[in-house]
Amino acid sequence: MVAGRGRAIPPLRIAVASGKGGTGKTTVATSLALSLAEGTPEDAASSPPTFLDCDVEAPNAHLFLAPIFKRRQDVAIQVPRVDAAKCTACGKCAEVCQYHAIAVLGKKTLVFSQLCHGCGSCTLVCPASAISEEPHVIGVLEAGMAAGGIRFGRGVLDVGEPMATPAIRQLKQWAIPASGPDGSVVILDAPPGTSCPVVETVRGADYLLLVTEPTPFGLHDLRLAAEVAVELGIPAGVVINRDGIGDASVDAFCASAGLPILLRIPFERAIAEGIAQGRTLIEIRPEYTSRFRAVYEEILRRVRPRPDSGGDCRQR
C-alpha cells in the first residue's frame, strides 16, 4: 500500500532482454530474482518477486529456479469458422484481415488459422453473419512456486504454432498481480531478438534491463534492442556479460546513447562451467547476491525516486 494513502500500487515490472540469444539473459533474470528472494535491504523488494518466463517457444528458466507447477491453463485464440451455407463470398472479411488469414477464391472462403491473430474483425464486418469464432489452443500456461518463494509463471507454445505473441499476452494477464505490497516486483524474461514477442513482453514494463556482450555481434544487437526501448518509451540500462573479451565499443555506445552500465559479469571459466551444469550465478558466485540487489536499488532510484530525491521518474 502507498504510505499515508491506503491505496494499492502496481508491482514494479523489470523486463530483461537482449538483442541476440546466448548473451546470458536468463542468467541475469534468474539471478536478479534470487537476489531479491533471499532477503533485501531497506529499499529492496518487501516480498519475493514474481518471475515470468516469456520465451514461450523455448522456455528454460525452470531449469535454474526449479518451480513446482500447481496451476495450468490452456492458451487459446479465437479463430473464424465460416458457415458455407450463409457465406456470399463478398470478400469483406479478407479485405479487413491485416494478416491474410482469410482468402476468398471464387465462391469459397478459406481460413488459415495459423496466421490468425484472433482480432475478430472478420466476424464484425461479415454482412451475412456467416462467420463465428471458435477457440484454437496454441499452448499452455503454468504457474507455481520456485526457489526462495518466487512466484513462477511460464508459457509453453505448442510445437508448430507460429503465434508466440498471444501466449505472452495471456501469460502476463494471467500471472501478473494487479497490485501488491510496496516493493513487489515482476521480472519478465523476454525472448531473444527484437521481434514482436519481445515487444509484447516488454510492453508496459517500468524498466528494461538489456544484457549484452562486448563483441561486434553484441554491439549490433544491443543497438537494435536500445531502439525498441526508445520506441516504447521505456528507460533502460545495460548488463555486460563475459566482460573482458572483445573491445570497448559497447562501452562507447552506452556512453553515447545515455545507457547506464549497471553491472559487469566477467568472462570466467568457472562461471561458464557452472551455468552449463544448471547452477545459478548466485550459487557459483554468492557475492553477486548483493551486486544484483544493488542493480535493483539503482533501477528503483531511476524509476520510482523518493519524494525528497528530486529525481526524474523517466530518467535514464
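The values are calculated or read from the model by the stated rules, or taken from the named source; none is laboratory data. It should be emphasised that the depicted structure is a prediction, and the values quoted were computed from it without experimental measurement. Please note: Cβ atoms are built from the backbone with ideal geometry, for glycine as well, and neighbour counts cover all protein chains shown.
Quick notes on this one:
- Only one entry in VAL125, VAL185, VAL159 is surrounded by fewer than 22 Cβ atoms within 10 Å (Cβ to Cβ) and under 22 Å from the mean Cα position of the chain (by Cα), namely VAL159.
- Summed over the stretch 131-159, residues that are free of Cβ contacts under 8 Å to residues at least 24 places away in the same chain and of a type outside the set (A, V, I, L, M, F, W, C) total 1.
- Being touching an Asp or Glu at 6+ places or on another chain (Cβ under 7 Å), outside any helix (DSSP H, G or I) and surrounded by fewer than 21 Cβ atoms within 10 Å (Cβ to Cβ) is a property that ARG264 has.
- Within the stretch 90-119, the set of residues being in contact with a strand residue (DSSP E or B) (Cβ under 6 Å, 6 or more places away or on another chain), part of a loop (DSSP other than H, G, I, E, B) and touching a residue at least 24 places away in the same chain (Cβ under 8 Å) comprises CYS116, GLY118.
- On inspection, CYS87 qualifies as surrounded by 17 or more Cβ atoms within 10 Å (Cβ to Cβ) and more than 27 Å from CYS196 (Cα to Cα).
- Candidates PRO48, PRO59 - the one that is part of a loop (DSSP other than H, G, I, E, B), under 19 Å from the mean Cα position of the chain (by Cα), assigned by TED's automatic domain parsing to the domain that holds TRP174 and modelled with pLDDT of 95 or more: PRO59
- Whenever a residue of the stretch 193-221 is at pLDDT below 95 and among the hydroxyl-bearing types (Ser, Thr, Tyr), its partners that are surrounded by fewer than 22 Cβ atoms within 10 Å (Cβ to Cβ) and outside any helix (DSSP H, G or I), lying with C-beta atoms within less than 6 angstrom and at least six residues away or across chains, give the pairs THR215/GLY246.
- One residue from ILE275, ILE299, ILE240 being crowded, with 17+ Cβ neighbours inside 10 Å and at pLDDT below 95: ILE275
- LEU259 of a type outside the set (Phe, Trp, Tyr), in contact (Cβ under 8 Å) with a residue 40 or more places away in the chain and touching a Gly at 6+ places or on another chain (Cβ under 7 Å): yes
- Residue in the stretch 99-121 that is in contact with a Ser or Thr (Cβ under 9 Å, 6 or more places away or on another chain) and polar (S, T, N, Q) present: no
- For GLY139: the one exception among (1) modelled with pLDDT under 95; (2) assigned to a strand (DSSP E or B): (1)
- The sole residue among GLU213, GLU273, GLU161, GLU231 that is within 25 Å of CYS116 (Cβ to Cβ) and not hydroxyl-bearing (Ser, Thr, Tyr) is GLU161.
- Scan of the stretch 13-24 for residues that are at pLDDT below 95 and either among the basic types (Lys, Arg) or on the phi < 0 side of the Ramachandran plot (or both), ordered by number: SER18, GLY19, LYS20, GLY21, THR23
- For the stretch 216-237, residues that are farther than 13 Å from LEU263 by Cβ and surrounded by 18 or more Cβ atoms within 10 Å (Cβ to Cβ) total 11.
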